[in-house]
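This report concerns only the one structure given below.
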Amino acid sequence: MVIVKGRNHNMADYYFRTEDLKVGYEGRALLEGIDICLGRGEILTLVGPNGAGKSTILKSITKQLRLLGGRVIIGEKELPKLTYQELSRKMAVVLTERVRPELMTCRDIVATGRYPYTGRLGILGREDEEKVDEAMELVKVKELGSRLFTALSDGQKQRVLLARAICQEPEILVLDEPTSFLDIKYKLELLAVLRKMAKERGITVIMSLHEIDLAGKVSDKVMPVKAGCVYDYGYPEDIFREEFIRQLYDFDKGSFDPVFGSIELPKAEGEAETMVISACGRGIPVYRRLQKEGIPFIAGILYRNDVDCRLARYLARRVILEEPFRPISDPVYREAKEAALKSRKVIYTDIPWGSCNERLRELLEEVRLREEIVCEYIP
Amino acid sequence: MTENTFHYENLRRRSRYAAVFVIMLSAFLAMVMININTGTVDISAAEIGRIIFAGGKEGTEYRIIWLIRMPRVLMAAILGGALSLSGFLLQTFFHNPVAGPYILGISSGAKMTVALVMIFPLGRIGGMSSFALVGAAFAGSLISVGFVLLVSKRLQSMSSLLVAGIMISYICSAVTDFIVTFAEDSDIVNLRGWSMGSFSGMSWGNVKVGALIIGAAFLLTFLLSKPIGAYQMGEAYARSMGVDIRMFRVILIVLSSVFSACVTAFAGPISFVGIAVPQLVKLALQTSKPLIVIPASFLGGAVFCMFCDLTARMAFAPLELNISTVTSVFGAPVVIWMLIRRSAN
């Protein structure tokens, strides 16, 4: 694992730190030895399987759970020494806990974020009201304004709760699975807002995410968490390696693509009797269809830099490869021809022809002449 | 575009709050007047005015107004308000809209200890002082609440909480009956009347003690509006807003017990006010903001209890009904309707 900490940084440069943190429930440690250092405006994402202890860490650093050992330092102060009141001006949270307030509009919910700043009776001033509107504008929930919170969909609720957290004007924002219940559009919007808050207002963000693909895209640092196992956190590109993700989530079927952060179902089992000839991404829908129908296939001839190749590696039984920008060599051609002639079916797509892939066209012509091979063209 | 701002929404709401408060205050004054004006002995309004404001201190009519009707209506108002607030606090505490001092067995707990104090020698030393009664009721309330808390820690669902409350209420009633078996006849008569719930026989002494305790508790509750509002968001969020939950929970329970103990000590257990009134008030105001709902609940409870007491006195005059009979008739349907509305959502 690549270690990020201790790169000649002065400890005082960090806004949020944990040292040898030990967390768990009722005195029983679930995870220990957690060391985190985050500067202002950095985003740290916890990833890992269900029940790994992501929420436990988040609850511990938000003072919802007692620390079982070690230290948490926010700003200059130790977490246990901060009163809840002091903490509320530094830290805002978005939790998985269900909120069912009676007769409260979305604005009312967002306005509860102003709590640390209002007087004895909690009466909102004009400025507070404007901040509520602002926060709702930022998260794009303004149109929900006077609707009852309980009447919203889960996704809308989640966004209102984010507006609430922003309204609290925190220095650090802690979110427990903020993207659950959100559709793709809002997932992206939410993460974009988080990035914006982090960069523009210097808010430090710590959150847990289920979507490892998104985690890689939004985070400055990623910390893998698994029950009983503490990994050092690191840059996403160091963490998101196929081998490590498999080990973290403990899956042996299916695959994870570190470049796009996408996951794929396991390839179809058995002897491949189908061959796909394609290029430039045209093969991708074909691979997916075959995979869903459980038909094993061979893909080729593909150039190593062809986008089809990225997916074929995970879904095809065998991929016949050629080095980029080169005319197809004899051994590769032979291998492909052999495979094609053994197949019962050959599926081909539109392929842009050029001087390099002449021989692929040759191969296709030959296959089409064979009566025993079913040919299917997919435009 | 200015209409779609929080400020505008709050302005609109404030006028609604004002309207509701004006209506409730008028109802309050009307109920006070009607209550004083009504009774088996007919006294004209002019006469009443003369007695109250001019202060003619002679005659039966003076005594009826000053020593019977006035303390009674004031007590109904104060205790009604207390009951309603006790319900509101318990609903907040348990995050459960049908929680209330009666249904959770808190009133029964208070009844048990009050019966104990009334019957055993302790009570006979120079008659019972109001404070001793309230103190006993408070202890009983805390016993019940303690039990319910213990059970609710293990059971999360709304209905099991109520079942626990009803069970403790049965246990306390059983103990009360057991105590009554050993009581002397004169005590039993006292106890019977009281244990059915009634605002009759209130003295100015009672009013003073009641007003003092409940006034103080009301003030404290009102000052807690802000953390109560935070607590409505759930414990974890409340904590993240800076509320010290542990302390707050204790205060909440003590306050609601003080309210319901006062009521039980003076007027016996009274059902349904604690559940029905805060709900109706919230609906009328269209908010659950404690800063508004706390005074409104108090006012609403006062109006409701004065109305129910009036009905208890007058419906079958000269026979007088138990106050709980009347509050159940009006309160229970509200609760049932609420449950249906809730499940329909």
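Some notes on this structure:
- Of all residues in the stretch A:12-28 being at pLDDT 90 or above and of a type in the set (A, V, I, L, M, F, W, C), the one that is nearest to residue A:54 (Cα to Cα): A:23
- Helices (runs of 4 or more DSSP H) fully within the stretch B:1-116 that include at least 1 residues being closer than 30 Å to residue B:178 by Cα, away from chain A (no Cβ under 14 Å) and hydrophobic (A, V, I, L, M, F, W, C): B:70-94.
- Only one of the listed residues (A:276, A:259, A:307) is under 30 Å from residue A:216 (Cβ atoms) and touching a residue at least 60 places away in the same chain (Cβ under 8 Å). That residue is A:276.
- Criterion violated by residue A:129 - all others in (1) more than 8 Å from chain B (Cβ to nearest Cβ); (2) without any contact (Cβ under 8 Å) to a residue 24 or more places away in the chain satisfied: (1)
- Test result for residue A:233, at pLDDT 85 or above, in contact with a Pro (Cβ under 9 Å, 6 or more places away or on another chain) and aromatic (Phe, Trp, Tyr): yes
- Yes/no for residue B:294 being at pLDDT 95 or above and either in contact with a Phe, Trp or Tyr (Cβ under 6 Å, 6 or more places away or on another chain) or not charged (D, E, K, R) (or both): yes
- If you go through the stretch A:78-107 and keep only what is at pLDDT below 90 and facing chain B (nearest Cβ under 7 Å), you end up with A:97, A:99, A:101, A:102, A:103.
- Residue that is surrounded by the fewest Cβ atoms within 10 Å (Cβ to Cβ), among those in the stretch B:49-101 that are of a type in the set (A, V, I, L, M) and within 13 Å of residue B:275 (Cβ to Cβ): B:98
Rundown of residues vs (1) closer than 20 Å to residue B:306 by Cβ; (2) of a type in the set (Val, Ile, Thr), yes/no style:
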position	(1), (2)
B:184	no, no
B:192	no, no
B:198	yes, no
B:209	yes, yes
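- Any hit, the stretch B:163-181, residues being touching a residue at least 12 places away in the same chain (Cβ under 8 Å) and farther than 16 Å from residue B:108 by Cβ: no
- Qualifying residue in the stretch A:54-73 (condition: surrounded by fewer than 17 Cβ atoms within 10 Å (Cβ to Cβ), over 22 Å from the mean Cα position of the chain (by Cα) and under 23 Å from residue A:179 (Cβ atoms)): no
- Among the residues making up the stretch B:237-258, a single one is β-branched (Val, Ile, Thr), within 14 Å of chain A (Cβ to nearest Cβ) and surrounded by 24 or more Cβ atoms within 10 Å (Cβ to Cβ): B:243.
- Residues in the stretch B:200-236 that are of a type in the set (Ser, Thr, Tyr) and buried (at least 21 other Cβ atoms within 10 Å of the Cβ) were compared, and the one that is nearest to the other protein chains (Cβ to nearest Cβ) is B:231.
- Hey, residue A:113 surrounded by fewer than 21 Cβ atoms within 10 Å (Cβ to Cβ), in contact (Cβ under 8 Å) with a residue 24 or more places away in the chain and within 31 Å of the chain's Cα centre (by Cα) or not: no
- Of all residues in the stretch A:213-224, those that are β-branched (Val, Ile, Thr) and either modelled with pLDDT under 90 or farther than 24 Å from residue A:264 by Cα (or both) total 0.
- For residue A:376, the requirement of being more than 24 Å from residue A:288 (Cβ to Cβ) and of a type outside the set (A, V, I, L, M, F, W, C) is not met.
Conditions (1) over 23 Å from residue B:40 (Cα atoms); (2) surrounded by fewer than 17 Cβ atoms within 10 Å (Cβ to Cβ); (3) of a type in the set (Gly, Ala, Ser), marked per residue:
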| site | (1), (2), (3) |
| --- | --- |
| B:260 | yes, no, yes |
| B:268 | yes, no, yes |
| B:281 | yes, no, no |
| B:288 | yes, no, yes |
| B:296 | yes, no, yes |
| B:326 | no, no, no |
| B:337 | yes, yes, no |
| B:342 | yes, yes, no |
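- Top-ranked residue of the stretch A:108-117 - restricted to ones that are more than 7 Å from chain B (Cβ to nearest Cβ) and not aliphatic (A, V, I, L, M), ranked as farthest from residue B:9 (Cα to Cα): A:117
- Residue B:278 closer than 18 Å to residue B:24 by Cβ and either modelled with pLDDT of 90 or more or more than 13 Å from chain A (Cβ to nearest Cβ) (or both): yes
- Given (1) crowded, with 18+ Cβ neighbours inside 10 Å; (2) of a type outside the set (Lys, Arg); (3) in contact with a Ser or Thr (Cβ under 9 Å, 6 or more places away or on another chain); (4) under 24 Å from residue A:58 (Cα atoms), index of the condition residue A:154 fails: (1)
The values are calculated or read from the model by the stated rules, or taken from the named source; none is laboratory data. Predicted model, so just to flag it, every value in this text is computed and none were measured. No Cβ is skipped: glycine too gets one built from the backbone with ideal geometry, and neighbour counts run over all protein chains shown.
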